[in-house]
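Contents: one structure, followed by commentary.
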Amino acid sequence: MRLTFTLLMLLCVFKMNAQSTSIIRSDVNPEYDSYRFGAYGELLFQQMDYGPNRYAHEDGAPKDNRSVVDLPRLVLEFNYKLRKDIEFVTEIEFEHGGTGAGLELEYEEMGEYEMEVEKAGEVVLEQFFIKKSFSRAFNVKIGHMLVPIGITNARHLPTQFFTTVRPEGEMSMLPLTWHETGISFLGDYRRWSYELQLINGLDANGFSSANWIVDGKQGIFETIKITDPAVVLRVENKRINNLNLGAGFYYGNSTANTAKPEKMKHITGAVSIFNLDFAYQNKRAVIRGNFVYGNISDSEEISKINRSISTNIQYSRTPVAQNAMTYAIEAGYNVFGENSEGEKLIPFVRYDYYNTMQHTAGSVFKDARYKREVFTVGANYFLMENLCLKVDYSSRKIDSGNLNTEHTFGLGLVFNHWFIKK
Amino acid sequence: MRVFNKMLLPILLISMVLVSCSESSTTDPIETKSYDFTLILEQYVDHTIVPTYTEMKDNAKLLLAKVEEFETSGAQADLDAACEYWKSTRAPWEKGEAFLFGPAAYNNLDPLLDSWPLDKNQLDQVLDGNQELSADFVRDGLGAVLRGFHTVEYLLFEEGAARDATKFTLREKQYLSAVSEVLRDDTLKLWALWEGGTSEKSLLDALEIEVGTPYGEEFKKAGNIGSRYLSQSDAVDEILQGMIAIGDEVANGKIADPHNSNNVLEVESWFSWNSLTDFQNNIRSIENSYLGGTTEASRQLSISTFVKEKDPSLDTEIKVLITDAIEAIGAIPAPFRNNLQASQVQGAMDAVNQVKDIIETKVRPLIVN
């Protein structure tokens, strides 16, 4: 709470430099002259009526009553223009309040040195790149950057989706946020925006039943392999007023980035992902939709090899499906209109479908429990443009209702703000 | 000055933002004591590990043969016999839980053989489905949760006895055969990876199991070129840590978890009511590791010999504690699932913890600094 308070104070102290929440991409050609410092973050309370393990019981998660509080993330952003045309961008994310580890001398254990994890969480460098601008239409980024696949990777700020947690369909099949290292070409041209990236690919050993390619994002080892690179293309169009249309495509092999690539020499593990999304926003209504479909070649052979990876590495080793799919739509209506402070109340509804085992190849068994649907109702109350209280209630249907339905009540406080901008 | 001012803020901000993470290597250099462990390591591989895994794969073959007979005959007598073979395959597995390092870990064989709890929902989906229930399907199409000892156990047993043979569906029988075959393959692989597997070469070739240098050879050669163990004390410490790990798991997991939650579903091997035998065999795996052999007759040089040289009373104490722990588990009324709150449970946990503690606090310091 102290953190929230401090941040609230900061919000009051600094003159509001409202970041454009427009649905049009603002990061291709950002509007500041010399530097800016900002942050976004989320605080979350959840109450669930189901137990945490839905696999140990035949009917799914048993009835339970549990609550959690979390700081899913606090991200500090700092951008600096080294020159008018050269920009330095960095984003550091503290997940679940950061992490702590320490070396301790344990006198109770015969004076042994022990590495202790003192606090769970993560500190992640989400973005770190240098961008050179040649014109509005042509910029080059080199470094660690977001991979714009799926609407939430393209627009991940907590004020850019209604739910208290990030959209669960995308979260279950794509790294979210997804950030990799490489080179990118991007720009705005008339009513179009584009970004073309060449980045490091995924690690096939991390693929799994429940999370498809999510844990294929490298990071278990210190070195990130780019033996198999990937290409990413995202295009957006805003020809129609208030409507932003987006399409993304990802393609890259994944087997040569594994820890022991010689075991997978005979296959490529090519991952292709296609997504379409739209966001419509006028003074009153907001409607957003998203569709993601992915394919992995050689998924049967990958499942077979992953099964025997050393227990000492934290992969899940479960069979991976050839195809995963999610789609979602959400609609909200600003009931009172907007006053000058940006205060508004938006009740919303949302529907998510996702299946991380949409289709399996060969003998890989398609477990019906990975087919989920989530219905959510809730409201976003914006105290000001960049500070929002969220409340929602969701109902998760598993395997078309064959397993116990899971209900979650969520409360969130989110903000997103450039504190200093020059 | 202006430049300085202009730079100051960014510099401050960067220093605010950047969090430095330092990493340092924490591995203690393990001092190689002058003691020569060569014969002890040889004894351990040849008379503890290899005989345990040989017994397991031999019995797994008998189990498979009997299950296949049952698939054709449907006879209760075949099913009853298969249940006995399950138990005789299970016993060496549990007696091997003190050495789940090396091949069992590197090839993920522990989860593949012994995942618990059983995923009944997915098993029902498979049994209700229409896939051909072959060993290939179980091996390649399913995850670790639908194979191994407990899946076979669930299909064979009910309430601690063989199921009613007339109640088997055709697909259950097919699945039982398939999953028993995969169990045989996995036990064979584990044995071969330690032993070398020359006597089963044709079967290993047919299953495309590559063995390479047997792990047992590498283990015996600890401290020499060609072994991943940099010193003999590294290898001995691996044995001790295996003993400590299973002691901890039995006392503070396998017995403590269901005792604390009072949930029968957390009791391992409860379909067969074999839980207490499992736990006792786990302590025997500590005993066999410590005494260097699976039978009285085969025991010669061992960690016990080494400890005895350093401190004879410590050696006697360890032997007594091991025997006590096996007895204390045996004192819990069977089946464990119906007696989670029996008064003897705490005593068993304490006795096992004592074994674990003495190895951790008294024996390990003799080997590692």
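Here are some notes:
- Checked against (1) hydroxyl-bearing (S, T, Y); (2) within 30 Å of B:Q341 (Cα to Cα); (3) modelled with pLDDT of 95 or more, B:S261 passes all but a single condition, namely (3).
- Residue in region A:202-219 that is free of Cβ contacts under 8 Å to residues at least 24 places away in the same chain, within 14 Å of another protein chain (Cβ to nearest Cβ) and surrounded by fewer than 20 Cβ atoms within 10 Å (Cβ to Cβ) present: yes
- Region B:138-170: number of residues that are in a helix (DSSP H, G or I) and either more than 14 Å from chain A (Cβ to nearest Cβ) or within 19 Å of B:V267 (Cα to Cα) (or both): 15
- Residue identified as closer than 26 Å to A:D203 by Cα and assigned to a loop (DSSP other than H, G, I, E, B) among A:T152, A:T163, A:T177: A:T177
- Those residues of region B:90-105 which are within 11 Å of chain A (Cβ to nearest Cβ) and part of a loop (DSSP other than H, G, I, E, B), in sequence order: B:L100, B:F101, B:G102
- Among the residues making up region A:271-321, those that are away from chain B (no Cβ under 14 Å) and among the aliphatic types (A, V, I, L, M) are A:V271, A:I273, A:L276, A:A279, A:A285, A:V286, A:I287, A:V292, A:I296.
- Residues of region B:284-331 satisfying the condition of being on the phi < 0 side of the Ramachandran plot, crowded, with 22+ Cβ neighbours inside 10 Å and not in a helix (DSSP H, G or I): B:T294, B:S302
- Residues satisfying the stated conditions in region B:111-154, i.e. surrounded by fewer than 20 Cβ atoms within 10 Å (Cβ to Cβ) and among the charged types (D, E, K, R): B:K120, B:D124, B:D128, B:E132, B:D136, B:D140
- Identity of the residue in region B:332-368, in contact with a Ser or Thr (Cβ under 8 Å, 6 or more places away or on another chain) and part of a helix (DSSP H, G or I), that ends up nearest to B:E287 (Cα to Cα): B:I367
- Pick from region B:65-82, criterion touching a residue at least 40 places away in the same chain (Cβ under 8 Å) and among the small types (G, A, S), ranking: surrounded by the fewest Cβ atoms within 10 Å (Cβ to Cβ): B:A75
- Number of positions in region B:182-197 that are touching a Leu at 6+ places or on another chain (Cβ under 9 Å) and in a helix (DSSP H, G or I): 11
- For region A:33-62, filtering for residues that are within 27 Å of A:K422 (Cβ to Cβ), in a loop (DSSP other than H, G, I, E, B) and within 11 Å of another protein chain (Cβ to nearest Cβ) leaves 1.
- Cβ-Cβ distances below 6 Å connect the following pairs, each with a first residue in region B:207-219 that is free of Cβ contacts under 8 Å to residues at least 24 places away in the same chain, a second residue that is outside any helix (DSSP H, G or I) and surrounded by 17 or more Cβ atoms within 10 Å (Cβ to Cβ), and a separation of six or more residues or different chains: B:V211/B:G197; B:P214/B:G196; B:E218/B:S227.
- Of B:K61, B:K57, B:K87, all but one fail to be at pLDDT 75 or above, assigned to a helix (DSSP H, G or I) and farther than 30 Å from A:N312 by Cβ; the exception is B:K87.
Here's the yes/no breakdown for (1) within 14 Å of another protein chain (Cβ to nearest Cβ); (2) within 17 Å of A:G60 (Cα to Cα); (3) part of a strand (DSSP E or B):
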| site | (1), (2), (3) |
| --- | --- |
| A:E338 | no, no, no |
| A:I346 | no, no, yes |
| A:Q358 | no, no, yes |
| A:F375 | no, no, yes |
| A:A379 | no, no, yes |
| A:L403 | yes, yes, no |
| A:L411 | no, no, yes |
| A:W418 | yes, no, yes |
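- Only residues that are among the acidic types (D, E) and more than 9 Å from chain A (Cβ to nearest Cβ) were counted across region B:106-137, and they come to 2.
- Among the residues of region A:287-336, those that are crowded, with 21+ Cβ neighbours inside 10 Å, in a strand (DSSP E or B) and not polar (S, T, N, Q) comprise A:R288, A:V292, A:G294, A:I296, A:A324, A:M325, A:A328, A:E330, A:G332.
- When B:G143, B:G247, B:G242 are screened for being at negative phi, touching a Phe, Trp or Tyr at 6+ places or on another chain (Cβ under 6 Å) and not aromatic (F, W, Y), only B:G242 passes.
The values are calculated or read from the model by the stated rules, or taken from the named source; none is laboratory data. The structure presented is a predicted model; accordingly, all values stated were derived computationally and were not measured. A quick note on method: Cβ atoms are made from the backbone with ideal geometry, for glycine too, and the neighbour counts reach across all protein chains shown.
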